[in-house]
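The values are calculated or read from the model by the stated rules, or taken from the named source; none is laboratory data. Predicted model only: the values in this text are computed from it and were never measured. We place every Cβ from the backbone using ideal geometry, glycine too, and count neighbours over all the protein chains shown.
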Amino acid sequence: MTDSLGNWRRTHYSKELDDTIEGESVTLMGWVHEIRDLGGIIFVLLRDRDGLIQITAPSKKISPELLNDIRKLRKESVLGVKGIVQGSSKAPGGVEVIPEEIKLLNNSEQPLPLDPTEKVKAEIDTRLDSRYMDLRKHSVSAIFKIKSTMLHSVRVYLEENGFLEINTPKLVGSATEGGTELFPITYFEREAFLGQSPQLYKQMMMATGLDKVFEIAPIFRAEEHDTLRHLNEVISIDVEVAFADNEDVMSILEKLVHNTIKEVKKKCKAELEDIDVQLEVPELPFPRLEYDEVIDMVNSKGVTLRHGDDLSRAAEKVLGEIMDGYYFITNWPSDIKPFYVMPHPEEPEKSYAFDLMYKDLEISSGATRVHQHDLLVERIKKQGLNPDSFQRYLASFVYGMPPHAGWGLGAERFTMCLTGMKNIRETVLFPRDRRRLAP
Ligand code: ATP
Ligand code: MG
């Protein structure tokens, strides 16, 4: 038998209890984290969003019926407690609550699919299978509080800097950058795809006069490989700015990253402690390395790479050993960057593309874009794509498209940097990879 919530409402979270409210009556809500029955006294650790609070039930002070109800509690059951706050040097947090009345709001079956007290460690797959239970651990929920703070401060920063938030379709009729990474879907009687990037849409917005736009939304990539930094569905923070070039948007990006780290450090002290991370605010501006320089650096460390190659994983790793923190790689070869990236006018094999790296991890790619229609068509053809499938996009370049630039920042990769997580799956509530489509 369980009790109804009735008119009981939480008056305090665990963190709000301290000796200033000693003697006051409070109502707490949460889960039974642990229960210790010493016969004459029972200790229940109640867990809520913010932490743990000790409920102390001495047989001398409370009724035998209440003691009996407390004795029957099982781990992870949902509990409401009305009681009196009392100072205690032994209790975690310096206070405990002497119960006067409890409500068992729901029972938990035993054994549990995993241990929220973290005494028994579980593999990531077990944890993801029972994510609702995994997230009861504060060391796990902390990651998502940090991610939420990051997304919030990104939004505030961009809005304060004159950006308009937009929403572009995720059901699309043709490929953004080439066909290999797309998920095909059935769209009534024809084939469509899940959007791999808002790229073409945010560029079309540049021809509208809205000038500075951003979008925070899912992107879908049919990446076949199984790595610690790729998923098939991630959140992309996308920015596009008219009358601007690569330098302008790199400056926006580094300031945004810098500001976000400051905000997270300020607002997520407890969460950073929960995951044992000391966040350092990087200095501005971030170092800038040229692609050619990077190739030479990597080669000098014994990882063979030719000028013109994309960075291999081995190359990223040695680079991460040399470069500590955030840095840009600029002047990428045009051939290994998408068609909408602007080539240098005098040296067209080089481009105005950049990546933002954190140690060995790429977190953002951006560039000055091609805004001239004919050059764009030429670039599309050169990359083996058919301009006909980009007709509607290309049309926006015919009637007054200003010069523009932008970038896409992976929200999960950035969260990895903020939380020190080595596996991107840790930064997504319900990750989607080649093997996982549920829950
Ligand atoms: P990588 O080379 O690491 O596979 P990419 O160059 O293919 O990444 P972009 O197309 O440049 O990725 O996307 C911009 C940003 O979006 C990346 O820097 C990254 O932060 C994020 N991103 C893209 N694809 C993925 C993915 N499959 N999983 C996680 N993040 C991704
Ligand atoms: Mg990239």
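Taking Arg313 as the residue in question, decide whether it is exposed (fewer than 14 other Cβ atoms within 10 Å of the Cβ) and touching a helix residue (DSSP H, G or I) at 6+ places or on another chain (Cβ under 8 Å).
No, not satisfied.
If you take the residues in the stretch 341-389 that are among the hydroxyl-bearing types (Ser, Thr, Tyr) and surrounded by fewer than 22 Cβ atoms within 10 Å (Cβ to Cβ), which one is farthest from Ala314 (Cα to Cα)?
Going through the qualifying residues, I end up with Ser389.
If I filter the stretch 327-338 for residues that are in a loop (DSSP other than H, G, I, E, B), within 15 Å of ligand 2 (Cβ to nearest atom) and in contact with a Gly (Cβ under 9 Å, 6 or more places away or on another chain), do I get at least one hit?
Taking every residue of the stretch 327-338 in turn, at least one turns out to be in a loop (DSSP other than H, G, I, E, B), within 15 Å of ligand 2 (Cβ to nearest atom) and in contact with a Gly (Cβ under 9 Å, 6 or more places away or on another chain).
Of all the residues that make up the stretch 142-175, how many are assigned to a helix (DSSP H, G or I) and surrounded by fewer than 16 Cβ atoms within 10 Å (Cβ to Cβ)?
6
Kindly provide the set of residues from the stretch 4-42 that are of a type outside the set (Phe, Trp, Tyr), assigned to a loop (DSSP other than H, G, I, E, B), in contact with a strand residue (DSSP E or B) (Cβ under 7 Å, 6 or more places away or on another chain) and within 25 Å of Tyr132 (Cα to Cα), ordered by number.
Once the filter is applied, which keeps residues that are of a type outside the set (Phe, Trp, Tyr), assigned to a loop (DSSP other than H, G, I, E, B), in contact with a strand residue (DSSP E or B) (Cβ under 7 Å, 6 or more places away or on another chain) and within 25 Å of Tyr132 (Cα to Cα), the stretch 4-42 yields Leu5, Arg9, Arg10, Thr11, His12.
When Arg432 is evaluated against the numbered criteria (1) farther than 30 Å from Ala122 by Cβ; (2) within 15 Å of ligand 1 (Cβ to nearest atom), which criterion, by number, is the only one it fails?
Of the numbered conditions (1) farther than 30 Å from Ala122 by Cβ; (2) within 15 Å of ligand 1 (Cβ to nearest atom), the odd one out for Arg432 is (1).
Can you confirm whether Met421 is in the same structural domain as Ala217 (by TED's automatic domain parsing), within 16 Å of ligand 2 (Cβ to nearest atom) and at pLDDT 95 or above?
Here the answer is no, as Met421 does not meet what is asked.
Mind listing just one residue for me: the one in the stretch 163-182 that is at pLDDT 95 or above and of a type outside the set (Val, Ile, Thr) and, of those, farthest from Asp238 (Cα to Cα)?
Restricting to residues being at pLDDT 95 or above and of a type outside the set (Val, Ile, Thr), the top hit is Leu171.
Pick out the one residue from Pro184, Pro218 that is of a type outside the set (D, E, K, R), more than 16 Å from ligand 1 (Cβ to nearest atom) and either in the same structural domain as Asn423 (by TED's automatic domain parsing) or without any contact (Cβ under 8 Å) to a residue 60 or more places away in the chain (or both).
Of Pro184, Pro218, the one residue that is of a type outside the set (D, E, K, R), more than 16 Å from ligand 1 (Cβ to nearest atom) and either in the same structural domain as Asn423 (by TED's automatic domain parsing) or without any contact (Cβ under 8 Å) to a residue 60 or more places away in the chain (or both) is Pro184.
Could you list, in sequence order, the residues of the stretch 201-221 that are more than 16 Å from ligand 2 (Cβ to nearest atom) and either of a type in the set (A, V, I, L, M) or within 14 Å of Arg413 (Cα to Cα) (or both)?
Hits for the stretch 201-221 are Met204, Met205, Met206, Ala207, Leu210, Val213, Ile216, Ala217, Pro218.
Take the residues in the stretch 76-114 that are basic (Lys, Arg) and surrounded by fewer than 17 Cβ atoms within 10 Å (Cβ to Cβ); name whichever of them is modelled with the highest pLDDT.
Looking at residues that are basic (Lys, Arg) and surrounded by fewer than 17 Cβ atoms within 10 Å (Cβ to Cβ), I get Lys82.
Answer yes or no as to whether Glu65 is of a type in the set (Asp, Glu) and touching a residue at least 12 places away in the same chain (Cβ under 8 Å).
When the stated conditions are applied, Glu65 does not pass them.
Here is a list: Leu45, Leu73. Which entry is surrounded by 15 or more Cβ atoms within 10 Å (Cβ to Cβ) and either in contact (Cβ under 8 Å) with a residue 60 or more places away in the chain or part of a loop (DSSP other than H, G, I, E, B) (or both)?
Answer to the selection: Leu73.
Scan the stretch 190-202 for residues that are surrounded by fewer than 14 Cβ atoms within 10 Å (Cβ to Cβ) and either at pLDDT 95 or above or within 11 Å of ligand 1 (Cβ to nearest atom) (or both) and report the count.
Here the count works out to 0.
Going through the stretch 228-239 one residue at a time, which ones are among the polar types (S, T, N, Q) and more than 14 Å from ligand 2 (Cβ to nearest atom)?
Listed by number, the list holds a single entry, Asn232.
In the stretch 115-129, how many are within 21 Å of Arg434 (Cβ to Cβ) and surrounded by fewer than 16 Cβ atoms within 10 Å (Cβ to Cβ)?
Total meeting the criteria: 4.
Taking the residues in the stretch 387-416 that are within 16 Å of ligand 2 (Cβ to nearest atom) and of a type in the set (A, V, I, L, M, F, W, C) as candidates, determine which candidate is nearest to Val239 (Cα to Cα).
Restricting to residues being within 16 Å of ligand 2 (Cβ to nearest atom) and of a type in the set (A, V, I, L, M, F, W, C), the top hit is Trp407.
Considering the stretch 345-386 alone, what residues qualify as being within 16 Å of ligand 2 (Cβ to nearest atom) and touching a His at 6+ places or on another chain (Cβ under 6 Å)?
Arg369
Right, Tyr399: aromatic (Phe, Trp, Tyr) and either under 30 Å from Leu135 (Cα atoms) or touching a strand residue (DSSP E or B) at 6+ places or on another chain (Cβ under 6 Å) (or both) or not?
Considered against the rule, which asks whether it is aromatic (Phe, Trp, Tyr) and either under 30 Å from Leu135 (Cα atoms) or touching a strand residue (DSSP E or B) at 6+ places or on another chain (Cβ under 6 Å) (or both), Tyr399 comes out as no.
Within the stretch 153-176, can one find any residue that is within 16 Å of ligand 2 (Cβ to nearest atom) and more than 21 Å from Gly400 (Cβ to Cβ)?
yes
Hey, which of the helices (runs of 4 or more DSSP H) in the stretch 363-425, taking only ones fully inside, have at least 1 residues that are at negative phi and more than 16 Å from ligand 1 (Cβ to nearest atom)?
373-382, 391-395
Have a look at Asp335, Asp292 and point out the one that is farther than 30 Å from Lys15 by Cα and either basic (Lys, Arg) or outside the structural domain of Val234 (by TED's automatic domain parsing) (or both).
Asp292
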